[in-house]
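Notes for the one structure printed next.
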Amino acid sequence: MWNVNICECSAQDHLPVQIDTFAIIYLMVMKLKLREITSHLESIAPLAYQESYDNAGLICGEPDMEITGALICLDSIESVIDEAISLNCNLVIAHHPIVFSGLKKFNGKNYVERVIIKAIRNNIAIYAAHTNLDNIPEGVNGKIAEKLGLKNCRILIPAKDKLKRLITFCPDDKAEVVRKALFNAGAGAIGDYDECSFNTSGTGTFKAGKNADPYVGKPGEQHHEKETKIETILPSHLENRVLSAMIKAHPYEEVAYDLIPLHNHNQYVGGGIIGEITEMDEMAFLQLLKREMKADCIRYTALRDKKVRKVAVCGGSGSFMLKDAMRSGADVFVTADFKYHQFFDAENQLVIADVGHYESEQFTAELFYDILKKKFSTFALHLSKINTNPINYL
């Protein structure tokens, strides 16, 4: 234990005060604006990656409010809000949005309304990262794959229409400046590679109008300029940021560019994950799954008396991915919320292993914690101790 003298000055005297290590740590804990925290989370799991039915993002709270501490959970139910109050946390970070559809009245007649009323009354912000966190490789499904020891993982259902191609033209001597601005704004990233572009040289022509103020050439005269054609790629949700950066860095008064939607599959965004595991018997895998996912039970289809080599996973309700898991050659599909008749759809082509919704997503809190602690090492983070699983097993 450390002893440190701190003088509290008054008009009459100086009193030495002893504090211990924990007090020092408390004094060093950083305070953040809410937008600093949400911006970091969204830089990893952009809101644009959420499904159309979802409501991820800031549910309640003001972006500029000062956050004293954050409580991380799976579900922001009433008992979790009470826990946040007891811990002096004015931010709750959850996986599931407490509000999925619009609330028309706030009478406290159901748990959703009561949570929002209590959060607002106690100045507690609620933030959710749901399917946008599901749809990135290092997200919810990546965490399951990590727990199961899967290797050589890839997205099971790559997303479409998430990319755009940008083409612009600028004088040769300004190409590097423009490229750097594009890259700094988020363009040019493809998987583990960044600053990707294709460049060709040519001659551009233009004639400035009488009211123009051209960077080169004279009004009323056709001008020929050696130019570089820059082509790069960008995530659709960064369009405004990239274009603003390009225009700011570009020397021309009027910037010529093409922006083309791409229908390519984005191999780094999408639903589910498939990976490889050290070969084992089906029952041995199910026992591994039960242990690592801390499941009280697993519902599964008939075993096929084959070795397990490839495993597909989807946290939460993943029955809609069954056909994709089958096409991928998976031996087992790990997910939750399969209905009775849907189990027949396995057609003995793989084993469905339903571990339960809560069980498949319980490590999301751990994921949030790791993401935030890496960025804000001295910020007060707490993992909720409340089991929010509404299902009990006998």
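Things to note:
- Test: residue in region 345-359 that is at pLDDT 95 or above, surrounded by fewer than 16 Cβ atoms within 10 Å (Cβ to Cβ) and touching a strand residue (DSSP E or B) at 6+ places or on another chain (Cβ under 6 Å): no
- Strands (runs of 3 or more DSSP E) completely within region 167-282 that count 1 or more residues being under 30 Å from residue 304 (Cα atoms) and in contact (Cβ under 8 Å) with a residue 24 or more places away in the chain: 265-281
Per-residue answers, yes or no, for (1) assigned by TED's automatic domain parsing to the domain that holds residue 218; (2) surrounded by 13 or more Cβ atoms within 10 Å (Cβ to Cβ); (3) touching a Leu at 6+ places or on another chain (Cβ under 7 Å); (4) among the aliphatic types (A, V, I, L, M):
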site	(1), (2), (3), (4)
169	yes, yes, no, no
180	yes, yes, no, no
183	yes, yes, no, no
187	yes, yes, yes, yes
196	yes, yes, no, no
203	yes, no, no, no
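- Taken together, 42, 62, 51 contain a single residue that is in a loop (DSSP other than H, G, I, E, B) and touching a Gly at 6+ places or on another chain (Cβ under 9 Å), which is 51.
- You will find that of 94, 70, the residue that is under 18 Å from residue 377 (Cα atoms), modelled with pLDDT of 95 or more and among the small types (Gly, Ala, Ser) is 70 and no other.
- Of all the residues in region 361-380, those that are crowded, with 16+ Cβ neighbours inside 10 Å and closer than 18 Å to residue 136 by Cβ number 9.
- Within region 338-376, restricting attention to residues that are outside any helix (DSSP H, G or I) and aliphatic (A, V, I, L, M), the residue that is farthest from residue 295 (Cα to Cα) is 350.
- As a summary of the residue check, residue 335 satisfies the conditions (1) surrounded by 19 or more Cβ atoms within 10 Å (Cβ to Cβ); (2) of a type in the set (S, T, N, Q); (3) assigned to a helix (DSSP H, G or I) except for the one numbered (3).
The values are calculated or read from the model by the stated rules, or taken from the named source; none is laboratory data. Since the structure is predicted, the reported quantities are computational estimates derived from the model, not experimental observations. Please note: Cβ atoms are built from the backbone with ideal geometry, for glycine as well, and neighbour counts cover all protein chains shown.
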